[in-house]
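One structure below.
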Amino acid sequence: MNAQEETLPGADSDPQVPAHRGDPLAEQRAMARTAAVVDRGHRGVIAVTGEDRLSWLHLLLTQHVSELPADTGTEALVLDINGRVLHHMVVAHTRDTVYLDTEPGDVPELLAYLQKMVFWSKVEPRDATDELAVLSVVGPATADVLAAAGIEVPESHGALALPDGGVVRRMPWPGPDAADLLIPRDALSAWWERLVAAGARPAGVMAFEALRVEALRPRLHVDTDDRTIPHEVGWIGSAVHLTKGCYRGQETVARVANLGRPPRRLVLLHLDGGDERLPVPGDPVVRDGRPVGRVGTVALHHELGPVALALVKRSVPVDAELLAGVDDRIAPAAIDPSSVPSEDDTPPPGRAAQIRSGLRG
């Protein structure tokens, strides 16, 4: 890595795969305007087979999957008993298999938990990381690239088996249109060349991460800490089904949804770092000398400039003057108002019921 690369945020965040293919900002522009392909082969993959696979996963995951149709994708979490996020996964159900792809290095712990919970269910979870690698196509021309590569294009959130093994899954992020391909690992180079020939620009994970930051999509371990609950980072809905029960940590999920609001929220920070080094994940966000949050993913965006995701206390005003980072990587920071959803004074459903009950009493 040369000196210029060392100044680029995120250049060393995923050392197992290429950070960029020569021009990370041009790669971002391709993702925003046409399409680009990214090697995300460092992600872990678990395959779950067996006739009880859906009903069994339904008891363990935060998402409603007991009746997940074939050829469908979604997201899900595994929580601890206190509702804190332990694992995040993207799900694809095709033919007789459910595929769970997750953060690099997380498969051993997640698989051990799944295997411990098998009991008498007719399921067989296994580590498929050595079998399948993830390639992501991102951009408004994603469907055109897939079609030109001879791949059947799934509908939104759809997942289809590939003829020679693996899955193509349509995704709504990091851009408005994208697709993940879980392809045989020994055919990774051939698939890469096929997608590039079909019109996708070669790109690295820095471009993917920058668009993910813009889309306010969190990444486990980077944008979360050991206290994070799903409500704080926007995983309610996309990865958590509020009306299903029967999973570990469900009580916390329901209590926060019905009785209150989470103590922190995920926001987009604009950083004014100048020529200095920028903050790194885990650095504090400070207001008036007091820590009020933590920095998550930091990226150099092709339009927004230096930006970061951050978990900050809900009480921090949108217009607060903040500092992000420590030592020689402190940067003035400002919350992007569009990243903070408007909140009215209407109490959550459970709190409203308590108020009505108190009035009647």
Can ALA200 be described as of a type in the set (A, V, I, L, M), crowded, with 24+ Cβ neighbours inside 10 Å and either in contact (Cβ under 8 Å) with a residue 12 or more places away in the chain or touching a Leu at 6+ places or on another chain (Cβ under 8 Å) (or both)?
yes
Which residues, taken from region 218-253, are buried (at least 16 other Cβ atoms within 10 Å of the Cβ) and of a type in the set (Lys, Arg)?
ARG219, LYS244, ARG248
Can you tell me how many residues in region 41-83 are part of a loop (DSSP other than H, G, I, E, B) and either open to solvent by less than 20 Å² (accessible area, probe 1.4 Å) or out of contact with any Pro (no Cβ under 9 Å at 6 or more places or on another chain) (or both)?
18
Specify the residue that is farthest from VAL78 (Cα to Cα); the eligible residues are those in region 107-162 that are of a type in the set (D, E, K, R) and part of a loop (DSSP other than H, G, I, E, B).
GLU152
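Here is a list: VAL292, VAL280, VAL233. Which entry is within 29 Å of LEU68 (Cα to Cα) and among the hydrophobic types (A, V, I, L, M, F, W, C)?
Answer to the selection: VAL233.
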Taking region 254-301, which residues are surrounded by 15 or more Cβ atoms within 10 Å (Cβ to Cβ), closer than 17 Å to PRO317 by Cβ and of a type in the set (D, E, K, R)?
ARG261, ARG264, ARG265, ARG287
Look at GLN16 and say whether it is touching a His at 6+ places or on another chain (Cβ under 7 Å), buried (at least 19 other Cβ atoms within 10 Å of the Cβ) and touching a residue at least 12 places away in the same chain (Cβ under 8 Å).
no
Among (1) at pLDDT below 95; (2) crowded, with 21+ Cβ neighbours inside 10 Å - the single one ALA30 does not satisfy
(1)
Note: among ALA324, ALA308, just one is at pLDDT 95 or above and either basic (Lys, Arg) or touching a Gly at 6+ places or on another chain (Cβ under 7 Å) (or both), namely ALA308
Can we say ALA200 is at pLDDT 95 or above, among the hydrophobic types (A, V, I, L, M, F, W, C) and either closer than 25 Å to GLU303 by Cβ or under 14 Å from the mean Cα position of the chain (by Cα) (or both)?
yes
Restricting to region 163-176, name every residue that is at pLDDT 95 or above and either of a type in the set (Asp, Glu) or assigned to a strand (DSSP E or B) (or both).
VAL167, VAL168, ARG169, ARG170, MET171
Please verify whether THR129 is crowded, with 17+ Cβ neighbours inside 10 Å, more than 16 Å from LEU195 (Cβ to Cβ) and of a type outside the set (A, V, I, L, M), treating the condition exactly as stated.
yes
Looking at PRO279, PRO341, which is the one that is modelled with pLDDT of 90 or more and either within 19 Å of VAL213 (Cα to Cα) or not β-branched (Val, Ile, Thr) (or both)?
PRO279
Among (1) within 27 Å of ALA299 (Cα to Cα); (2) out of contact with any helix residue (DSSP H, G or I) (no Cβ under 7 Å at 6 or more places or on another chain); (3) surrounded by 15 or more Cβ atoms within 10 Å (Cβ to Cβ), where does ALA207 come up short?
(2)
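The values are calculated or read from the model by the stated rules, or taken from the named source; none is laboratory data. In this text, all values refer to a predicted model and were calculated from it rather than measured experimentally. Cβ sites come from the backbone with ideal geometry, for glycine too, and all protein chains shown count toward neighbours. We work out accessible area using only protein heavy atoms, side chains counted, and drop any ligands, DNA or RNA first. Shrake-Rupley method; radii C 1.70, N 1.55, O 1.52, S 1.80 Å.
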